[in-house]
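S.K.: The structure is given below, and queries will be raised subsequently.
The values are calculated or read from the model by the stated rules, or taken from the named source; none is laboratory data. Please read these numbers as outputs of a predicted model, since none were measured by experiment. Heads up, the Cβs are rebuilt from the backbone with ideal geometry, glycines too, and the neighbour counts pull from every protein chain shown.
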Amino acid sequence: MSMDLGIAGKRAAVAAASSGLGLASAKALAAEGAKVAICGRDRARLDAAAAEVGGDCVSIVADVSDAAGGAAFVAAASEALGGVDILVTNAGGPPAGDFAATDVDAYPAALGLNLLSVVGMCKAAAPAMQERGWGRVVAITSLSVRQPIANLILSNTARAGVTGFLKTMARELAGTGVTVNSVQPGLHRTPRIIQLYGADAPGPVGEPDDFGGVVAFLCSEQATFITGAAVHVDGGSYTALL
């Protein structure tokens with residue numbers, strides 16, 4: 001028996017959703033009856049993704065690699081949908097590299113992509129959610145927040161920072177009807193993981209659609225008392241107790 005998540009008719013903006021975990025999240029929300037807007041940089045890939053999402057999905061060409069780009073996507077989604085009740089923040093990952101090989105000048109772009117873009121999206125979406133007394137923010141981050149991943153120092157750094165931002169925001173918005181959570185994927189069968197590891201990904205590899213279901217649940221009425229959580233979805237890859 002399926003569970004009604006209570007989000008039919010809610011308006012959802014899902015960033016960087018032309019493929020991978022963003023696309024899976026958009027599909028899961030649309031399957032629950034939400035009205036979905038997605039963004040990406042390439043029109044052809046974006047339109048193909050929107051067709052896969054279905055349900056009159058709105059596709060918006062946008063680059064969410066910095067705060068301004070993130071805010072612009074939320075503004076465009078709000079205009080297209082008549083408002084945004086659900087925000088799923090997401091972006092691609094910065095280049096791979098270790099401490100020794102990564103120049104200091106590479107850090108600002110990584111922070112823009114995986115930290116400041118989220119700040120921009122949240123600043124654009126949350127005030128209207130607070131006014132309405134209902135909203136869901138779910139940020140797709142990475143298991144690297146709990147367990148830094150070798151050769152991804154830029155991603156490890158930026159995603160740890162955004163987790164601190166999201167936790168602080170969740171505490172400030174607690175009790176307003178707006179929840180703020182993050183989901184930390186391990187390895188899933190996405191183009192990014194294939195690019196990084198090829199066929200030799202270390203550890204369990206999950207399916208994007210299963211991940212999307214977790215995002216949809218955190219947007220549900222049943223999850224109304226879950227906020228400030230950072231949920232790792234990794235098939236058991238994370239080894240620590242806490």
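S.K.: Could you list, in sequence order, all residues of the range 118-144 that are over 21 Å from Gln222 (Cα atoms), surrounded by fewer than 24 Cβ atoms within 10 Å (Cβ to Cβ) and of a type in the set (S, T, N, Q)?
M.R.: Ser144
S.K.: Among the numbered criteria (1) surrounded by 14 or more Cβ atoms within 10 Å (Cβ to Cβ); (2) part of a helix (DSSP H, G or I), which single criterion is violated by Ser220?
M.R.: (2)
S.K.: Have a look at Thr227, Thr239 and point out the one that is outside any helix (DSSP H, G or I) and either within 17 Å of Gly135 (Cα to Cα) or touching a strand residue (DSSP E or B) at 6+ places or on another chain (Cβ under 9 Å) (or both).
M.R.: Thr227
S.K.: Looking at Ala109, is it modelled with pLDDT of 95 or more and either aromatic (Phe, Trp, Tyr) or more than 22 Å from Met169 (Cβ to Cβ) (or both)?
M.R.: Yes: the conditions hold for Ala109.
S.K.: Related question: Quick one: in the range 60-117, which of the residues that are in contact with an Asp or Glu (Cβ under 7 Å, 6 or more places away or on another chain) and more than 12 Å from Cys39 (Cα to Cα) is surrounded by the most Cβ atoms within 10 Å (Cβ to Cβ)?
M.R.: Filtering first and then ranking leaves Ser117.
S.K.: What's the total number of residues in the range 1-14 that are more than 12 Å from Val215 (Cβ to Cβ) and surrounded by 24 or more Cβ atoms within 10 Å (Cβ to Cβ)?
M.R.: Residues flagged as more than 12 Å from Val215 (Cβ to Cβ) and surrounded by 24 or more Cβ atoms within 10 Å (Cβ to Cβ) within the range 1-14 amount to 2.
S.K.: Sticking with this structure for a sec: Any residue that is under 23 Å from Ala126 (Cβ atoms), over 14 Å from the mean Cα position of the chain (by Cα) and aliphatic (A, V, I, L, M) - is there at least one of those in the range 214-226?
M.R.: Looking for residues that are under 23 Å from Ala126 (Cβ atoms), over 14 Å from the mean Cα position of the chain (by Cα) and aliphatic (A, V, I, L, M), one finds at least one in the range 214-226, hence yes.
S.K.: Can you pull out the strands (runs of 3 or more DSSP E) entirely within the range 15-95 that have at least 3 residues that are within 28 Å of Pro108 (Cβ to Cβ)?
M.R.: Of the strands (runs of 3 or more DSSP E) lying wholly inside the range 15-95, those with at least 3 residues that are within 28 Å of Pro108 (Cβ to Cβ) span 35-40, 86-89.
S.K.: Here's another thing I want to ask about it. Give just the number: which of (1) surrounded by fewer than 21 Cβ atoms within 10 Å (Cβ to Cβ); (2) farther than 19 Å from Ala24 by Cβ; (3) among the hydrophobic types (A, V, I, L, M, F, W, C); (4) in contact with an Asp or Glu (Cβ under 9 Å, 6 or more places away or on another chain) does Phe165 not satisfy?
M.R.: Of (1) surrounded by fewer than 21 Cβ atoms within 10 Å (Cβ to Cβ); (2) farther than 19 Å from Ala24 by Cβ; (3) among the hydrophobic types (A, V, I, L, M, F, W, C); (4) in contact with an Asp or Glu (Cβ under 9 Å, 6 or more places away or on another chain), only one is false for Phe165: (4).
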